Amino acid sequence: MKKLKTFQFMEEFDHEQVVYFYDKNTGLKGITAIHNTDLGPALGGTRLWNYKTEEEALLDVIRLSRGMTYKAAVAGLNLGGGKTVLIGDPKKVKSEAYFRELGRFVQSLNGRYITAEDVNTSTSDMGFVAMETDHVVGLHGKSGNPSPFTALGALYSIRAALKVQFGDST
């Protein structure tokens, strides 16, 4: 049996907390990683992906949550970084009950973590999460889908890298 290296990953990537959760009735299975809460609660989206192994999911959530700490710091937000990965086939597991159960899990973290939509989750899905917790953002009719702003930030980053490397960003 292959051993997961949770504490090794936590130490290597300087994480505060990693939480596994599972609900038999809905099939909800996931991991939340909280990288850093020095500036405030951890903020990070919920990604739904059909990971091949638990170790692959763990490495992804560790890597992404650390990135969220840096993203929040660069943006000057009083937030830390976190992330949730859900393990499953998005075409099979998504339902109101599934995301409400996720909301109950997020609520159990008592405000240390705030979630939002990410890969294979939507503002509508987060609406179901919001039925169970106030610790969710990116809701339809409020701040909405952050993807266009993430894409714009990626474009600006590419342009800045081009300017540094080649002296021109076009």
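The values are calculated or read from the model by the stated rules, or taken from the named source; none is laboratory data. Worth saying up front: this structure is predicted, and the values here are computed from it rather than measured. Reconstructed Cβ throughout: ideal geometry from the backbone, glycine too, with neighbour counts over all protein chains shown.
Just checking, which of 29, 24, 5 is surrounded by fewer than 17 Cβ atoms within 10 Å (Cβ to Cβ), out of contact with any Ser or Thr (no Cβ under 8 Å at 6 or more places or on another chain) and either modelled with pLDDT of 95 or more or small (Gly, Ala, Ser) (or both)?
The unique qualifying residue is 24.
I need a count of the residues in region 13-22 that are assigned to a loop (DSSP other than H, G, I, E, B) and either more than 13 Å from residue 58 (Cβ to Cβ) or without any contact (Cβ under 8 Å) to a residue 12 or more places away in the chain (or both).
Matching residues across region 13-22 total 2.
Give the residues of region 76-93 that are loosely packed, with under 12 Cβ neighbours inside 10 Å and either under 15 Å from residue 26 (Cβ atoms) or β-branched (Val, Ile, Thr) (or both), sorted by residue number.
Across region 76-93, the qualifying residue is only 92.
Every residue in region 1-17 that is in contact with a strand residue (DSSP E or B) (Cβ under 6 Å, 6 or more places away or on another chain) and either closer than 19 Å to residue 101 by Cβ or of a type in the set (D, E, K, R) (or both), please.
If the condition is that a residue be in contact with a strand residue (DSSP E or B) (Cβ under 6 Å, 6 or more places away or on another chain) and either closer than 19 Å to residue 101 by Cβ or of a type in the set (D, E, K, R) (or both), then 16 is the only one that fits.
Please specify each residue of region 39-52 satisfying the condition of being more than 14 Å from residue 114 (Cα to Cα) and either in contact with a strand residue (DSSP E or B) (Cβ under 6 Å, 6 or more places away or on another chain) or among the hydrophobic types (A, V, I, L, M, F, W, C) (or both).
The initial filter retains those residues of region 39-52 that are more than 14 Å from residue 114 (Cα to Cα), namely 48-52.
Answer for region 39-52, where residues must be more than 14 Å from residue 114 (Cα to Cα) and either in contact with a strand residue (DSSP E or B) (Cβ under 6 Å, 6 or more places away or on another chain) or among the hydrophobic types (A, V, I, L, M, F, W, C) (or both): 48, 49, 51.
Would you pick out the residues in region 23-38 that are in contact with a strand residue (DSSP E or B) (Cβ under 6 Å, 6 or more places away or on another chain) and part of a strand (DSSP E or B)?
Scanning region 23-38 gives 29, 30, 31, 32, 33, 34, 35, 36.
Inspect all residues belonging to region 59-68 and state whether any of them is in contact (Cβ under 8 Å) with a residue 40 or more places away in the chain, in contact with a helix residue (DSSP H, G or I) (Cβ under 6 Å, 6 or more places away or on another chain) and surrounded by fewer than 21 Cβ atoms within 10 Å (Cβ to Cβ).
no
Inside region 39-58, can you point out the residues that are touching a helix residue (DSSP H, G or I) at 6+ places or on another chain (Cβ under 6 Å) and either among the β-branched types (Val, Ile, Thr) or in a loop (DSSP other than H, G, I, E, B) (or both)?
Correct list: 51 only.
How many residues, within region 124-156, are among the hydrophobic types (A, V, I, L, M, F, W, C), at pLDDT 95 or above and farther than 17 Å from residue 85 by Cβ?
3
Between 84, 121, 69, which is at pLDDT 95 or above, in a strand (DSSP E or B) and under 13 Å from the mean Cα position of the chain (by Cα)?
Answer to the check: 84.
Which condition number in (1) surrounded by 23 or more Cβ atoms within 10 Å (Cβ to Cβ); (2) touching an Asp or Glu at 6+ places or on another chain (Cβ under 9 Å); (3) of a type in the set (Asp, Glu) is the one that residue 101 fails?
Here residue 101 clears every test but (1).
Could you list, in sequence order, the residues of region 95-118 that are in contact with a strand residue (DSSP E or B) (Cβ under 9 Å, 6 or more places away or on another chain) and assigned to a loop (DSSP other than H, G, I, E, B)?
Listed by number, the residues that qualify are 109, 112, 118.
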